[in-house]
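The structure appears below as structure tokens.
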Amino acid sequence: MMSQIDQAALERAITITRAESPARASQIDAMLKDRHRENVGLFCVGCAQSRSLNLDPWQSPPMYATAADLKRPYGDPSGRRELAELLQRMRDAGLSRFEPDPLRALEWTERLRNSGSKQNAEKGAPLPRAF
């Protein structure tokens with residue numbers, strides 16, 4: 001079963017990906033008619049993370065990173081080590097691996113912690129709708 005934080009991230013990814021263009025919205029709407037919402041959400045996370053991180057077509061979004069990727073060399077064209085390190089930072093911050101815009105979410109979490117709301121940030125307080 002997926003956590004509430006993961007479910008919320010999937011929903012944000014669906015919303016963000018649908019807003020990309022009318023064609024993308026039609027694609028997502030069609031997918032939602034005959035596929036499980038969670039599967040559509042995972043597709044949207046991949047789209048959103050790839051777009052927000054400006055990944056090259058051969059690079060996988062951090063949602064797919066594994067611990068083994070942390071052993072890969074720096075500078076590899078796949079960027080797997082760097083993406084695994086990003087995922088590790090996300091997890092350390094209490095964020096979902098499915099966060100549609102990881103860098104923005106990390107920035108928001110850091111601002112929340114620095115503003116004296118550390119307790120809420122550590123509890124995985126919901127991100128603003130802009131995410």
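The values are calculated or read from the model by the stated rules, or taken from the named source; none is laboratory data. Quick caveat: nothing in here was measured; it's all calculated off a predicted structure. As a convention, Cβ positions derive from the backbone with ideal geometry for all residues, glycine included, and neighbour counts pool all protein chains shown.
Observations on the structure shown:
- Hey, Met31 of a type in the set (A, V, I, L, M, F, W, C) and at pLDDT below 95 or not: no
- Tally of residues being touching a helix residue (DSSP H, G or I) at 6+ places or on another chain (Cβ under 8 Å) and over 24 Å from Glu11 (Cα atoms) across segment 72-84: 5
So that you can scan it fast, the table gives a plain yes or no per residue for (1) farther than 20 Å from Leu106 by Cβ; (2) among the charged types (D, E, K, R); (3) under 12 Å from the mean Cα position of the chain (by Cα):
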{"residue": "Arg35", "(1), (2), (3)": "yes, yes, no"}
{"residue": "Phe43", "(1), (2), (3)": "yes, no, yes"}
{"residue": "Asp76", "(1), (2), (3)": "yes, yes, no"}
{"residue": "Arg80", "(1), (2), (3)": "no, yes, no"}
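- Restricting segment 35-69 to residues that are crowded, with 17+ Cβ neighbours inside 10 Å and among the β-branched types (Val, Ile, Thr), the residue that is farthest from Leu10 (Cα to Cα): Val40
- Within the span defined as segment 74-92, every residue fails to be assigned to a helix (DSSP H, G or I), of a type in the set (Gly, Ala, Ser), at pLDDT 95 or above and exposed (fewer than 14 other Cβ atoms within 10 Å of the Cβ).
- If you go through segment 2-25 and keep only what is aliphatic (A, V, I, L, M), closer than 14 Å to Glu99 by Cβ and in a loop (DSSP other than H, G, I, E, B), you end up with just Met2.
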